[in-house]
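Participant: Mind having a look at this structure? Questions to follow.
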Amino acid sequence: MHPFIIKVKKYIDKHQLIQSGDRLLLACSGGADSVAVVLTFYELKKVYNVHLGIVHTDHQLRGEESAEDMLFVEQLAKRLDVPFYGTTLEVPSRVEAEGGNVSVICREERYAYFDTVMKQEHFDKLVFGHHADDQIETIIMSLVRGSLASSLTGIPITRPFSSGSIIRPFLSVTKEEIFDFVQFQEQSFRHDPSNDKHTYTRNRLRHTVVPLLRQENVHVADNIRTFVEKQQQDDTFLQTLAREKFDQLVTVKSESHFFMDTKQFSEIAVALQRRVILILLKYLYDSSNTLLNNRLIESILTACNEQDGNTVIHLPNDFFLIRHYSQVQFSPTPLQTLPIRSQIIDEDCWRTVGAGYSIYLTRNLNEQVPFDEKWFIQLENDSLPLSIRSKMEGDRIHLKGMSTPKKVSRLFIDEKISTEKRVVWPILISSKNDIMAVIGLRYGKQFEKKRNTQNFVLYVKSY
């Protein structure tokens, strides 16, 4: 067995990537890396007792050249007597119709086809040829661009996909080792000219930065692989703890409405806080294309660690973070809250007045009706009729025990009433536009709890 295959096998066994009887779908573009994957697993199929298939997609971005790539892979599969699954993807027409990032569209279309083949042909694992140099480039890109993850975890060795999982058994070998192996096998491969262009960040890193790192340390790939594996192990543990905290802290009201108490959230470690927020955002944004960045995550963390006042953060795709003191809500664009309709309060009948309250005004002081609050009040004819309206700028109420009227806006702040609720909170006024009460909250100096010489009673119910 070739030393290259032995090295790959040790990595497979160490991470238990393959079980006897697995059906493996080998993704092959025709390049050296994926061709090496095909040759390696062709040699190992009897060792692991696995069944193989080869899958290829033509994105139609390089015309006849990409069509020839498919033909090359199909002929390789035929020569090795391995089932071949190939398709031509309508990437150009979709880019023309939708615009957007070509790389993202290619990936979406490619993975959709992989998913279809895996399910229809009952494959257990999709095998990619990402190698140690790819891992170096990924880590550097994460550092340069700023990774959203709580730690640098690089390309995962394995992850769930479709009806099974994706595995990457070549993360232990370098590009140079792959070339040496393919040449030893005297196997040709295809070359994609776009990999030589410096217009792509990954290509620039591959051709300029990685060689410099190798000059500093020839074992840089092994060192980064070891670093990433430890990071992935730590992250797996922390993600488990974060999931437990998410279940404890976050109340899920629907697919897009989440609530959390910031007092409890602020008590957990920052490493878990960030992961809890990222778990929550995955619920809101199931598409990886949504533009999230570290600055936004930090803003969310800051808002979720505060308990005073109100905060609103506009999130991507018309979602909002709305924090009212220690309660934070993640939800879609809130409906516009309209001020309550002004209405006259008729006697001897219940009136729904907004903010979850109904009131009943009567001169019959002995009448008994269901109530949550009961107030006696002296009203002169020139004060009638009473009305309900929403808060207005400059509103003040004269409370018992205070020498000067208090601003209603200040009252709302003191009572921690959210901005949304202030708009619909019922204000009881006299015919002279004097503020009599902020229903359910505070009542003016004219109101008494005990009956004396008053000629009216006001019943209040909340719902």
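The values are calculated or read from the model by the stated rules, or taken from the named source; none is laboratory data. The structure displayed is predicted, hence computed values, not measured ones. Every residue, glycine as well, gets a Cβ built from its backbone with ideal geometry; the counts of neighbours run over all protein chains shown.
Participant: Among the numbered criteria (1) in contact with a Lys or Arg (Cβ under 8 Å, 6 or more places away or on another chain); (2) more than 19 Å from Pro193 (Cα to Cα), which one does His59 miss?
Facilitator: His59 satisfies all of (1) in contact with a Lys or Arg (Cβ under 8 Å, 6 or more places away or on another chain); (2) more than 19 Å from Pro193 (Cα to Cα) except (2).
Participant: Among the residues of the stretch 254-300, how many are charged (D, E, K, R) and without any contact (Cβ under 8 Å) to a residue 12 or more places away in the chain?
Facilitator: 5
Participant: Give the residue that is nearest to Ile435 (Cα to Cα), with candidates limited to residues of the stretch 360-381 that are among the aliphatic types (A, V, I, L, M) and within 53 Å of the chain's Cα centre (by Cα).
Facilitator: Here the answer is Leu361.
Participant: Let me ask something else about it. Evaluate the stretch 124-132: report whether one residue or more is under 27 Å from Val182 (Cβ atoms), without any contact (Cβ under 8 Å) to a residue 40 or more places away in the chain, assigned by TED's automatic domain parsing to the domain that holds Thr40 and not aromatic (Phe, Trp, Tyr).
Facilitator: no
Participant: For Val144, only one of the following conditions fails: (1) under 30 Å from Gln75 (Cβ atoms); (2) surrounded by fewer than 16 Cβ atoms within 10 Å (Cβ to Cβ). What is its number?
Facilitator: Val144 satisfies every listed condition except (1).
Participant: State whether one or more residues within the stretch 326-337 are within 30 Å of Thr453 (Cα to Cα), loosely packed, with under 15 Cβ neighbours inside 10 Å and either under 39 Å from the mean Cα position of the chain (by Cα) or charged (D, E, K, R) (or both).
Facilitator: Within the stretch 326-337, not a single residue is within 30 Å of Thr453 (Cα to Cα), loosely packed, with under 15 Cβ neighbours inside 10 Å and either under 39 Å from the mean Cα position of the chain (by Cα) or charged (D, E, K, R) (or both).
Participant: Follow-up. Kindly indicate whether Asp235 is modelled with pLDDT under 95, surrounded by fewer than 13 Cβ atoms within 10 Å (Cβ to Cβ) and out of contact with any Gly (no Cβ under 6 Å at 6 or more places or on another chain).
Facilitator: Answer is no for this residue.
Participant: Check the stretch 169-178 and report whether any residue there is under 25 Å from the mean Cα position of the chain (by Cα), aliphatic (A, V, I, L, M) and crowded, with 19+ Cβ neighbours inside 10 Å.
Facilitator: Scanning the stretch 169-178, I find no residue that is under 25 Å from the mean Cα position of the chain (by Cα), aliphatic (A, V, I, L, M) and crowded, with 19+ Cβ neighbours inside 10 Å, so the answer is no.
Participant: For residues that are surrounded by 17 or more Cβ atoms within 10 Å (Cβ to Cβ) and over 44 Å from the mean Cα position of the chain (by Cα), scanning just the stretch 429-453, find the one that is farthest from Ser383 (Cα to Cα).
Facilitator: Here the answer is Tyr443.
Participant: Residues that are crowded, with 18+ Cβ neighbours inside 10 Å, more than 32 Å from the chain's Cα centre (by Cα) and over 30 Å from Leu281 (Cβ atoms): does the stretch 186-208 have at least one?
Facilitator: Checking the stretch 186-208: at least one residue is crowded, with 18+ Cβ neighbours inside 10 Å, more than 32 Å from the chain's Cα centre (by Cα) and over 30 Å from Leu281 (Cβ atoms).
Participant: Mind listing just one residue for me: the one in the stretch 369-400 that is among the polar types (S, T, N, Q) and surrounded by 15 or more Cβ atoms within 10 Å (Cβ to Cβ) and, of those, farthest from Ser358 (Cα to Cα)?
Facilitator: Only one residue tops the list, namely Ser383.
Participant: Would you check which residues across the stretch 255-286 are small (Gly, Ala, Ser) and touching a strand residue (DSSP E or B) at 6+ places or on another chain (Cβ under 6 Å) and list them?
Facilitator: Ser256
Participant: Counting just the residues of the stretch 85-99 that are under 28 Å from the mean Cα position of the chain (by Cα) and free of Cβ contacts under 8 Å to residues at least 24 places away in the same chain, which one comes out farthest from Val209 (Cα to Cα)?
Facilitator: This residue is Ala97.
Participant: Oh, and also: Restricting the search to the stretch 421-463, which residues are touching a strand residue (DSSP E or B) at 6+ places or on another chain (Cβ under 8 Å) and of a type in the set (Asp, Glu)?
Facilitator: Scanning the stretch 421-463 gives a single hit, Glu448.
Participant: Of the residues that make up the stretch 244-259, is at least one crowded, with 18+ Cβ neighbours inside 10 Å, farther than 20 Å from Ile322 by Cα and β-branched (Val, Ile, Thr)?
Facilitator: Scanning the stretch 244-259 turns up no residue that is crowded, with 18+ Cβ neighbours inside 10 Å, farther than 20 Å from Ile322 by Cα and β-branched (Val, Ile, Thr).
Participant: Read through the list (1) of a type in the set (A, V, I, L, M); (2) at pLDDT 95 or above; (3) closer than 30 Å to Ser103 by Cα, then give the number of the only condition that Leu292 fails.
Facilitator: (2)
Every residue, every condition in (1) under 29 Å from Gln329 (Cβ atoms); (2) in contact (Cβ under 8 Å) with a residue 60 or more places away in the chain; (3) more than 44 Å from the chain's Cα centre (by Cα); (4) in the same structural domain as Gln307 (by TED's automatic domain parsing), yes or no:
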residue	(1), (2), (3), (4)
Thr352	yes, no, no, no
Ser358	yes, yes, no, no
Ser383	no, no, yes, no
Arg389	yes, no, no, no
His398	no, no, yes, no
Asn455	no, yes, yes, no
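Participant: Quick check on this structure: which one of Leu213, Leu292 is surrounded by 13 or more Cβ atoms within 10 Å (Cβ to Cβ), touching a Pro at 6+ places or on another chain (Cβ under 9 Å) and under 30 Å from Ser29 (Cβ atoms)?
Facilitator: Residue meeting the stated conditions: Leu292.
Participant: It is to be established whether one or more residues within the stretch 303-313 are at pLDDT below 85, of a type in the set (Gly, Ala, Ser) and assigned by TED's automatic domain parsing to the domain that holds Ile435.
Facilitator: no
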